[in-house]
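So the structure is just underneath, and the comments pick up after that.
The values are calculated or read from the model by the stated rules, or taken from the named source; none is laboratory data. Since this is a predicted model, take the numbers as computed values, not measurements. Ideal geometry is used to build each Cβ from the backbone, glycine not excepted, and the neighbour counts take in all protein chains shown.
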There are 2 protein chains.
Amino acid sequence: MILTVTLNTALDLTYRVPDLRPHASHRVTEVTERPGGKGLNVARVLAALGHETTVTGFAGGTTGHLVREGLAAVPGVVDALVPTEGASRRTIAVVDRRTGDTTQLNEPGPAITPAEWDDFQSAYERLLGAADAVALCGSLPPGLPVGAYAGLVRTARAAGVPVLLDTSGEPLRRGVAARPDLIKPNAEELAELTGSHEPLRATQSARRRGAHAVVASLGADGLLAVTPKGRWRAAPPAPLAGNPTGAGDSAVAGLLSGLVERLPWPDRLARAVALSAATVLAPAAGEFDRAAYEDLLASGVTVTSEVG
Amino acid sequence: MILTVTLNTALDLTYRVPDLRPHASHRVTEVTERPGGKGLNVARVLAALGHETTVTGFAGGTTGHLVREGLAAVPGVVDALVPTEGASRRTIAVVDRRTGDTTQLNEPGPAITPAEWDDFQSAYERLLGAADAVALCGSLPPGLPVGAYAGLVRTARAAGVPVLLDTSGEPLRRGVAARPDLIKPNAEELAELTGSHEPLRATQSARRRGAHAVVASLGADGLLAVTPKGRWRAAPPAPLAGNPTGAGDSAVAGLLSGLVERLPWPDRLARAVALSAATVLAPAAGEFDRAAYEDLLASGVTVTSEVG
């Protein structure tokens with residue numbers, strides 16, 4: 001089983017409006033609602049790839065109820081979320097029908113109590129017993145210590161479970177120092193972590209800070225992987241037009257499934273790039289287009305080894 | 001008892017963001033949640049004025065549950081909402097902390113089935129039996145006939161209950177033809193109804209179309225009332241700085257309570273202007289500042305009779 005952790009689950013709402021103008025009133029023409037938070041997105045993709053997947057983290061209130069209800073409808077994903085007194089957050093993606101651009105509004109999330117954090121840590125330790133790998137994903141809700149992910153990385157390592165960390169800011173900095181097996185920062189997160197805007201230098205610096213392997217997602221430039229086994233760049237055949245929402249989460253699912261299947265690094269990277277690109281190409285935000293994924297995997301992704 | 005009807009109740013969310021920029025991602029720093037829809041806002045103000053008030057309309061889903069939960073916490077308001085299969089809508093007011101400006105996003109609302117509409121009409125007829133006046137407020141949810149308000153106006157008139165209609169567009173046009181006792185359009189709604197942008201001409205034209213009395217709300221210019229008893233203008237002492245959300249609903253509550261108390265027109269208008277101004281001045285959107293209301297009522301509102 002692959003375990004994904006989403007401490008700040010969300011009810012993801014997408015609003016389509018004809019033309020978003022600040023300070024005006026808008027009639028939303030279309031509303032879609034689905035369970036979200038990075039770890040839930042990763043789990044959905046893992047399940048679609050045929051992996052048994054369990055999600056944990058927190059959910060509470062009527063929004064949490066809707067998250068769990070939506071999750072129950074996803075085949076292959078087991079819900080092991082821990083209840084909270086506070087309500088799970090909403091995120092709202094406002095899509096301008098005229099330009100296709102998205103404006104994002106993210107609620108902060110519920111304040112987690114110390115007792116709830118203890119409950120979660122017990123559940124997490126128990127779940128690790130059955131896990132082949134674990135992904136720790138997304139922002140921390142209010143109330144949790146900034147070193148929360150660092151603690152969870154150490155617990156996974158003590159249990160002998162490979163751990164991927166995908167977060168940002170100070171929780172990432174602390175988490176990296178706890179020596180996760182893999183991190184997948186984007187260019188901005190990597191620059192914030194290392195102080196360098198030069199991707200290769202920054203990726204190498206992130207490894208020195210503690211990450212065993214680093215796969216940096218560089219947008220249209222694809223992935224840059226620096227690992228104990230070597231260094232690679234992986235990219236789609238051409239720049240992609242579409243909605244990048246969830247593309248990073250699909251890349252995480254590709255890397256994690258490849259790790260569990262003990263694929264060589266170039267195959268893991270090809271899968272991550274193909275899934276990520278197939279997510280950008282899918283009509284619905286956060287879904288991936290399976291036919292595009294298979295096409296890209298068969299012939300569309302370039303993986304190049306680099307000598308350091 | 002005063003009855004207010006909100007066919008499209010809402011869970012009103014207010015998001016504060018540091019600086020709203022289209023196509024960017026925003027961390028919401030503060031979230032507030034309360035039951036909304038114009039008729040619910042009117043009911044809250046009526047109850048605060050000491051009137052027994054009953055709200056009806058539709059509520060459903062987890063959002064409807066939150067609306068009813070919030071309503072249960074308002075003293076003096078009785079919940080007679082009719083359940084729907086579809087979920088009540090959300091509205092989101094995004095307040096830019098830098099400029100204080102508000103960007104509004106309104107979901108359309110649930111599709112009402114014919115059986116639900118029948119249930120509502122039965123409940124409405126029954127409630128009218130105990131009502132001294134009724135206010136029909138706000139937009140129609142999907143699935144209802146555009147003449148829905150016209151039918152409800154006729155039912156109220158047949159029951160001998162004075163009826164105020166506060167809506168816009170085609171539902172207002174049809175509703176006015178059914179001869180409501182009072183309508184309270186703003187300048188834009190009045191122009192859409194009558195084709196005239198000249199307030200006095202438009203107000204008179206709205207009466208000819210069927211409204212027994214018309215009170216037009218003209219923003220900073222206050223209210224213009226054209227009634228069978230005469231014509232008045234009522235205005236606050238000076239332009240007001242603050243949040244206009246709910247000011248129109250407070251004016252409706254002032255007019256309706258004045259009608260039930262059989263106040264002379266100038267007193268009803270003074271109350272409506274004072275409540276409306278005290279709503280703009282209140283720190284929380286849609287609340288009214290009671291001290292400001294009492295001050296304005298005592299000496300701050302000018303009511304001028306006009307000869308037509």
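Which one of these does residue A:211 not meet: (1) at pLDDT 95 or above; (2) crowded, with 17+ Cβ neighbours inside 10 Å; (3) farther than 24 Å from residue A:5 by Cβ?
(3)
Can you tell me which residue in the stretch A:56-94 is farthest from residue A:8 (Cα to Cα), limited to those that are at the interface with chain B (Cβ under 10 Å from one of its Cβ atoms) and in a strand (DSSP E or B)?
Checked the stretch A:56-94; the qualifying residue farthest from residue A:8 (Cα to Cα) is A:94.
Give the residues of the stretch A:106-141 that are under 21 Å from residue A:189 (Cα atoms) and away from chain B (no Cβ under 14 Å), sorted by residue number.
A:134, A:135, A:136, A:137
Kindly establish whether residue A:32 is over 15 Å from the mean Cα position of the chain (by Cα) and within 19 Å of residue B:92 (Cα to Cα). So that I can check it myself, show each step before the final result.
Numbers: over 15 Å from the mean Cα position of the chain (by Cα): yes; within 19 Å of residue B:92 (Cα to Cα): yes.
Criteria met by residue A:32.
Any chance the stretch A:42-59 includes a residue that's more than 20 Å from the chain's Cα centre (by Cα) and crowded, with 16+ Cβ neighbours inside 10 Å?
Of the residues in the stretch A:42-59, the ones more than 20 Å from the chain's Cα centre (by Cα) are none.
No - not one qualifying residue is present in the stretch A:42-59.
Here are B:264, B:237, B:283: which of them is in contact (Cβ under 8 Å) with a residue 60 or more places away in the chain and of a type outside the set (A, V, I, L, M, F, W, C)?
Numbers: B:264 fails: in contact (Cβ under 8 Å) with a residue 60 or more places away in the chain; B:283 fails: in contact (Cβ under 8 Å) with a residue 60 or more places away in the chain.
Within the list B:264, B:237, B:283, the selection yields B:237.
Exactly one condition in (1) surrounded by fewer than 23 Cβ atoms within 10 Å (Cβ to Cβ); (2) in contact (Cβ under 8 Å) with a residue 60 or more places away in the chain; (3) among the charged types (D, E, K, R) is false for residue A:12; which is it?
Failed condition: (1).
Could you please give the count of residues in the stretch A:106-118 that are surrounded by fewer than 21 Cβ atoms within 10 Å (Cβ to Cβ), of a type in the set (A, V, I, L, M, F, W, C) and assigned to a loop (DSSP other than H, G, I, E, B)?
Of the residues in the stretch A:106-118, 1 are surrounded by fewer than 21 Cβ atoms within 10 Å (Cβ to Cβ), of a type in the set (A, V, I, L, M, F, W, C) and assigned to a loop (DSSP other than H, G, I, E, B).
Return the residues of the stretch A:95-105 that are facing chain B (nearest Cβ under 10 Å), at pLDDT below 95 and outside any loop (DSSP other than H, G, I, E, B); say none if nothing qualifies.
Matches in the stretch A:95-105: A:96, A:102, A:103, A:104.
Give me the pairs, please: first residue somewhere in the stretch A:140-158 and at pLDDT 95 or above, second residue anywhere and aromatic (Phe, Trp, Tyr) and surrounded by 22 or more Cβ atoms within 10 Å (Cβ to Cβ), beta-carbon distance under 9 Å, and either six or more positions apart or on two chains.
A:140/A:149; A:141/A:58; A:152/A:124; A:155/A:124; A:156/A:124
Pick from the stretch B:214-234 the residues that are exposed (fewer than 15 other Cβ atoms within 10 Å of the Cβ), touching a residue at least 24 places away in the same chain (Cβ under 8 Å) and small (Gly, Ala, Ser): which of them is nearest to residue B:252 (Cα to Cα)?
My answer is B:219.
In the list B:248, B:254, B:286, B:258, which residue meets the criterion of being in contact with a Lys or Arg (Cβ under 8 Å, 6 or more places away or on another chain), buried (at least 19 other Cβ atoms within 10 Å of the Cβ), in a loop (DSSP other than H, G, I, E, B) and of a type outside the set (D, E, K, R)?
Details: B:248 fails: in a loop (DSSP other than H, G, I, E, B); B:254 fails: in a loop (DSSP other than H, G, I, E, B); B:258 fails: in a loop (DSSP other than H, G, I, E, B).
Selected residue: B:286, the only one of B:248, B:254, B:286, B:258 that is in contact with a Lys or Arg (Cβ under 8 Å, 6 or more places away or on another chain), buried (at least 19 other Cβ atoms within 10 Å of the Cβ), in a loop (DSSP other than H, G, I, E, B) and of a type outside the set (D, E, K, R).
Quick one: in the stretch A:150-180, of everything that is at positive phi and small (Gly, Ala, Ser), which residue is surrounded by the most Cβ atoms within 10 Å (Cβ to Cβ)? Walk me through it before giving the result.
Taking the stretch A:150-180 and keeping what is at positive phi, we get A:160, A:169, A:179.
The next check asks that each one be small (Gly, Ala, Ser); those that pass are A:160, A:169.
On the way: A:160: 8, A:169: 13.
Ranking the qualifying residues of the stretch A:150-180, first place goes to A:169.
Return yes or no: is residue B:239 within 24 Å of residue B:200 (Cβ to Cβ) and outside any helix (DSSP H, G or I)?
On the way: within 24 Å of residue B:200 (Cβ to Cβ): yes; outside any helix (DSSP H, G or I): yes.
So residue B:239 passes the test.
Checking the structure you have, find out if any residue of the stretch B:123-134 is out of contact with any Pro (no Cβ under 7 Å at 6 or more places or on another chain), in a loop (DSSP other than H, G, I, E, B) and within 17 Å of residue B:210 (Cα to Cα). Steps first, please.
Applying the first criterion (out of contact with any Pro (no Cβ under 7 Å at 6 or more places or on another chain)) to the stretch B:123-134 yields B:123-132, B:134.
Adding the requirement that they be in a loop (DSSP other than H, G, I, E, B) leaves B:129-132.
From what's left, within 17 Å of residue B:210 (Cα to Cα): none.
Within the stretch B:123-134, none of the residues are out of contact with any Pro (no Cβ under 7 Å at 6 or more places or on another chain), in a loop (DSSP other than H, G, I, E, B) and within 17 Å of residue B:210 (Cα to Cα).
What number of residues within the stretch B:181-192 are assigned to a loop (DSSP other than H, G, I, E, B) and either touching a Pro at 6+ places or on another chain (Cβ under 9 Å) or surrounded by fewer than 20 Cβ atoms within 10 Å (Cβ to Cβ) (or both)? Break it down stepwise before answering.
Kept after step one, since they are assigned to a loop (DSSP other than H, G, I, E, B), are these residues of the stretch B:181-192: B:181, B:184-185.
Those left that are additionally either touching a Pro at 6+ places or on another chain (Cβ under 9 Å) or surrounded by fewer than 20 Cβ atoms within 10 Å (Cβ to Cβ) (or both): B:181.
So the count comes out to 1.
So which strands (runs of 3 or more DSSP E) are wholly in the stretch A:4-51 and hold at least 1 residues that are more than 8 Å from chain B (Cβ to nearest Cβ) and either in contact with a Ser or Thr (Cβ under 9 Å, 6 or more places away or on another chain) or closer than 23 Å to residue A:272 by Cβ (or both)?
Numbers: elements: A:10-17, A:25-27, A:30-36.
Result: A:10-17, A:30-36.
Within the stretch A:151-169, can you find the residues that are under 17 Å from the mean Cα position of the chain (by Cα) and either acidic (Asp, Glu) or in a helix (DSSP H, G or I) (or both)? Reasoning before the result, please.
Of the residues in the stretch A:151-169, the ones under 17 Å from the mean Cα position of the chain (by Cα) are A:152-153, A:162-169.
Of everything in the stretch A:151-169, those that are under 17 Å from the mean Cα position of the chain (by Cα) and either acidic (Asp, Glu) or in a helix (DSSP H, G or I) (or both) turn out to be A:152, A:153, A:166, A:169.
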